[in-house]
Amino acid sequence: MEEEEDTLYIFDIISLNAPNVEAILASIVKETTKKVVFYFTPNFTIKGMTATIMPNDDDALFVLTKSHC
């Protein structure tokens, strides 16, 4: 992973078991993080977050952002 300003870039999550992605994100996302960019297509959803697939971006595949509700 890499962090730049308010964006966290996650390149991969490697585990022998199905990871609890919500717990992983809770431990690495800061209060100032507004966007998480995954360089893979995750198979989960998180309440209060919106997801965008980035079809025109050669690198990023999936972007998770905080909802403004």
Enumerate the amide H contacts of Tyr9 below 5 Å, restricted to partners 5 or more residues apart or on another chain; note that Pro and chain-start residues carry no placed amide H. Glu2, Glu3, Glu4, Val37
Exposure of Val21 as accessible area (Å², to 10), given a probe of 1.4 Å and all protein chains: 20
What full-extension length gain, to one decimal in nm, is calculated for Met1 and Asn43 as 0.36 nm per residue of separation minus the Cα-Cα distance? 13.3 nm
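The values are calculated or read from the model by the stated rules, or taken from the named source; none is laboratory data. Computed from a predicted structure; not experimentally measured. SASA here: full protein model, heavy atoms, side chains in, ligands and nucleic acids out. Shrake-Rupley method; radii C 1.70, N 1.55, O 1.52, S 1.80 Å.
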